[in-house]
Amino acid sequence: MKVILYCRVSTREQADSGLSLEAQRAKLTAYADLYDLEVVAVIEDAGESAKSLKRPGLQRALTMLRRGEADGLAVVKLDRLTRNVGDWQRLIDDHFGSRSELFSVQDSIDTRTAGGRLVLNVLLSVAQWEREAIGERTREALQHRIGNGQRVGKVRFGFDLAADGVSLVPNKGEQEAIAWMQELREDGLTLRQIAAALSDRGITTKEGRTTWTHTAVSGILKRAATPVAA
């Protein structure tokens, strides 16, 4: 079987860890020798993060797989390819689902075997669960802060930042503008019509603009439905 050995390091990792390009090449070469894999290319991405699949070396490797110039790709660890669950799903759908094989030394993955495919699917499922769990905890924390009248990101329309730099206090003029938006919405006006009415009246946005958009109105009305502690 013809394989590509793929190595990647970020600048920080080159200095701080044992995952240097040289170390990865040595491990992958030994792995290929052990399992009688024919190495057709050694491709490296130096100083590239795993945040995106748009890396010169990786794109070259994937192109070779698509062209049938290699049967599989070998990495030291799965995170050398990506840490993003969405990117992983794309890689599997486009390359490693049925077209090409994937080998990961430290994760003990060889997708030629049922066990290797099982381990890969379990790891991806755990990663997906972890991502969703983190998202849920983040949303709960944000809602808790909002419910306690604390700032989350930029100061929302209808409030000003208190002297403590954390809490929010109502802005009387903006609160009246929100109440008017809600009345207009209840009267059946569209978001674009409400935006035009705000612009005509000269009411300013939080950024000081007098031209309103329907998306800004939509966001304010949605946030207004979230209760804030006094």
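If you go through segment 47-73, how many residues are under 16 Å from Arg99 (Cβ atoms) and acidic (Asp, Glu)?
Final tally of qualifying residues: 2.
Just to be sure I understand the filter: pairs with C-beta atoms under 6 Å, separated by 6 or more residues or on different chains, first member in segment 52-63 and assigned by TED's automatic domain parsing to the domain that holds Leu78, second member of a type in the set (Ser, Thr, Tyr) and not in a loop (DSSP other than H, G, I, E, B). Which pairs pass?
That search, which allows pairs on different chains as well, returns Ala61/Tyr6.
Could you say which residue among Arg151, Arg201 is surrounded by 11 or more Cβ atoms within 10 Å (Cβ to Cβ), among the charged types (D, E, K, R) and at pLDDT below 80?
Arg151
Name every residue in segment 214-225 that is surrounded by fewer than 16 Cβ atoms within 10 Å (Cβ to Cβ) and among the β-branched types (Val, Ile, Thr), in order of residue number.
Residue satisfying the conditions is Thr215 alone.
Among Asp164, Asp200, which is on the phi < 0 side of the Ramachandran plot and not in a loop (DSSP other than H, G, I, E, B)?
Asp200
How many of the residues making up segment 57-84 are surrounded by fewer than 16 Cβ atoms within 10 Å (Cβ to Cβ) and either over 23 Å from Ala23 (Cα atoms) or of a type in the set (Ser, Thr, Tyr) (or both)?
Selection size over segment 57-84: 5.
Can you pull out the residues in segment 92-128 that are part of a helix (DSSP H, G or I) and over 25 Å from the mean Cα position of the chain (by Cα)? Can you show your working first?
First pass over segment 92-128, keeping only residues part of a helix (DSSP H, G or I): 92-96, 114-128.
Selection gives Ala114, Gly115, Gly116.
The values are calculated or read from the model by the stated rules, or taken from the named source; none is laboratory data. Predicted model only: the values in this text are computed from it and were never measured. Counting neighbours? That spans all protein chains shown, and the Cβs are built from the backbone with ideal geometry, glycine included.
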